[in-house]
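The values are calculated or read from the model by the stated rules, or taken from the named source; none is laboratory data. Since the model is a prediction, treat every value here as computed from it, not as a measurement. Here the Cβ is made from the backbone with ideal geometry for all residues, glycine too, and neighbour counts use every protein chain on show.
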Amino acid sequence: MNRTEQFVTSWLSHRAVTQDVLNLVPDDAVDFRPWDNAMTLGQLAQHIAGAALMFASVVDKGEFVGRDRSVDALDSMAAVRTAFAEHTERTEAILRGLDDAKLDNVIDTSAVFGAQFPGYAVLQMMRDHEIHHKGQLFVYARMVGVEQMPLFVQRL
């Protein structure tokens, strides 16, 4: 298994659980936020999906690209779930197209992260970012009444 395939497998082991959690969230919880300035549950889900797509695109293009904000105003869990699944497909397709040259290419991300990183390090940040926010999503889901949660990772 090459490096790209190893990363995709690892990332999907977390992404699948995030999708599972979203499927458990009640439909009326899209606007739930645990404190006044927090992201809503729907915004958190879209942040996770949009950021992963952005990170993958940065590695693919070799330069910083902005996040897709077309999904920022989704107003139902059904729309959030659909957009999340679509972002997952788009992100996975980009990731599967990466070769070793793109993983080793040093990318100037100083405007956002204050440094330059090789593509593989950007992908590691992508996965770490997703794991961080997946943990928040677990807490949000519990707060809106989800009692039976999946294991934190799914081995594919």
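Scanning segment 102-156 for residues that are of a type in the set (Asp, Glu) and touching a Ser or Thr at 6+ places or on another chain (Cβ under 8 Å) returns a single hit, Glu130. Inclusion of Leu12 among residues that are closer than 28 Å to Arg155 by Cβ and either part of a loop (DSSP other than H, G, I, E, B) or touching a strand residue (DSSP E or B) at 6+ places or on another chain (Cβ under 9 Å) (or both) is not warranted. If the condition is being free of Cβ contacts under 8 Å to residues at least 60 places away in the same chain and more than 30 Å from Ala101 (Cα to Cα), then segment 1-30 contributes Asn23, Asp27, Asp28, Val30. Going by the conditions given, is Leu22 farther than 15 Å from Asp128 by Cα and surrounded by 22 or more Cβ atoms within 10 Å (Cβ to Cβ)? No.
State the number of residues belonging to segment 24-42 that are in a helix (DSSP H, G or I) and farther than 11 Å from Phe84 by Cα. Step through it out loud before you land on a result.
Of all residues in segment 24-42, those in a helix (DSSP H, G or I) come to 24, 27-29, 41-42.
If we keep only those that are farther than 11 Å from Phe84 by Cα as well, we get 24, 27-29, 41.
Of the residues in segment 24-42, 5 are in a helix (DSSP H, G or I) and farther than 11 Å from Phe84 by Cα.
Which count do you get for residues in segment 62-93 that are basic (Lys, Arg) and at pLDDT below 95? Don't jump to the end; show me each part of the working.
From segment 62-93, those basic (Lys, Arg) are 67, 69, 81, 90; that's our starting set.
Within this subset, residues satisfying the condition of being at pLDDT below 95 are 67, 69.
Count: 2.
Can you name every residue in segment 31-43 that is crowded, with 21+ Cβ neighbours inside 10 Å and either touching a residue at least 40 places away in the same chain (Cβ under 8 Å) or within 15 Å of His132 (Cα to Cα) (or both)? Listed by number, the list holds a single entry, Leu41.
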